[in-house]
1. Antiparallel as a % of all DSSP beta bridges within the chain, to the nearest 5?
2. Counting Lys and Arg as +1 and Asp and Glu as -1, each charge on the Cβ, what is the dipole of the stretch 213-257 about the Cα centre in debye, to the nearest 20?
3. About its Cα centre, what dipole magnitude does the chain give when the only charges are +1 on Lys and Arg Cβ and -1 on Asp and Glu Cβ, stated in debye to the nearest 20?
4. Past 32 Å, Cα to Cα: identify those pairs from 2/53; 53/80; 174/272; 2/39, in the order given.
5. May I ask you to list the lysines whose Cα is less than 22 Å away from that of residue 253, ignoring any residue fewer than eight positions away on the same chain?
6. Compare the peptides 139-152, 91-104 by average per-residue count of other Cβ atoms within 10 angstrom and give them in order, highest first.
7. If R₀ is 30 angstrom, what is the calculated FRET efficiency for the pair residue 218 and residue 123, using the beta carbon separation as r and rounding to 0.05?
8. Based on the mean of other Cβ atoms within 10 Å per residue, sort peptides 228-235, 155-162 so the most packed one is first.
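None of the figures in this text is laboratory data; all of them are computed from the coordinates on show. In this text the structure is predicted, and so the values were computed from the model without any measurement. Methodologically, a virtual Cβ is constructed for each residue, glycine included, from the backbone with ideal geometry; neighbour enumeration extends over all protein chains shown.
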Amino acid sequence: MKRAAVVGAGTMGNGIAHVFAQHGWRVALIDSAAPALEKATETIRGNLERQVKKGTLPADAPAEVLERIVTGTSLDAAAKAEIVVEAASENPAVKFSLFEQLDGVCLRGTILATNTSSISITEIAAHTRRAERVIGMHFMNPVPIMPLVEVIRGHATSDATTTTIMDTARALGKSPVEVNDYPGFVSNRVLMPMINEAIFCVMEGVATPDSIDTVMKLGMAHPMGPLALADFIGLDVCLAILEVLHRGLGDDKYRPCPLLRKMVAAGYLGRKTGRGFYDYHA
Ligand SMILES: NC(=O)c1ccc[n+]([C@@H]2O[C@H](COP(=O)([O-])OP(=O)(O)OC[C@H]3O[C@@H](n4cnc5c(N)ncnc54)[C@H](O)[C@@H]3O)[C@@H](O)[C@H]2O)c1
């Protein structure tokens, strides 16, 4: 049986562990915070049960899938993995330190992938002695449902690593797209300026959040408006990605909207705190 490790058991990590385990991989799900692991297991269980209700999974599958996932707080659990997907917080210092440690813990041939939304794969790889086996494997939220995996090649990523990750993504039922390592890659370089511009529209009183989202849904066939999507992603995550785009590309067109900064400072982070452009308390 193939073995994977997922580091970080938050929003993305639980979904990534779910998808690997559903496709027959033995998964070590690791988080430095034990409560995150308990929450992740419950989330995976709930999502698997939903799949059974929808008829996309047989009734006995959830127990089998959950049995393939072991959880723990130590990176040592990644020692036997063929692929590690890091999905810890979007903080360069956290990721650099994790990759240094994983490089020491994992077998020489293990591929170290990161689910980062915006941090340079090349820089992360430079914190290991295996830059040719470091790559971006950027799943979308919610992971069990969204088909795309953006596969990002760092400056030194080898063809063999890229092929393995593209093939693995396909074997997980996903559609991988290969891109190169530039700030925000493709997904967030295109998405975040649109979200930022929608926030400028709110700040300047062009329209209400609901009106802006309605224009984009009914007029541009977006399934979700940009402000509802920003709330879903997390306004702190959006701000962090825009900072990376602004700094990395040096162009003021990526300047984060002051209203976004203000909302993050106020703790209005979107769905996860119950309030963002919309109120989720009801
Ligand atoms: N949320 C999204 O919509 C989304 C989409 C695509 C990619 N991403 C990326 O996925 C990654 C994870 O994002 P998320 O939304 O799941 O974050 P999250 O805050 O929900 O979860 C992060 C988890 O990482 C854990 N963690 C932090 N430091 C750690 C360490 N040193 N060792 C082990 N665990 C550690 C935290 O305890 C937490 O449980 C980020 O890089 C983010 O940019 C997020």
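1. 20
2. Dipole of the stretch 213-257, to the nearest 20 debye: 120 debye.
3. With Lys and Arg at +1 and Asp and Glu at -1, about 320 debye.
4. Those over the limit are 53/80.
5. Partners within reach: 262.
6. With the highest mean Cβ count within 10 Å placed first, the list reads 139-152, 91-104.
7. Efficiency for this residue pair is about 0.15.
8. Going by the mean number of other Cβ atoms within 10 Å, highest first, we get 228-235, 155-162.
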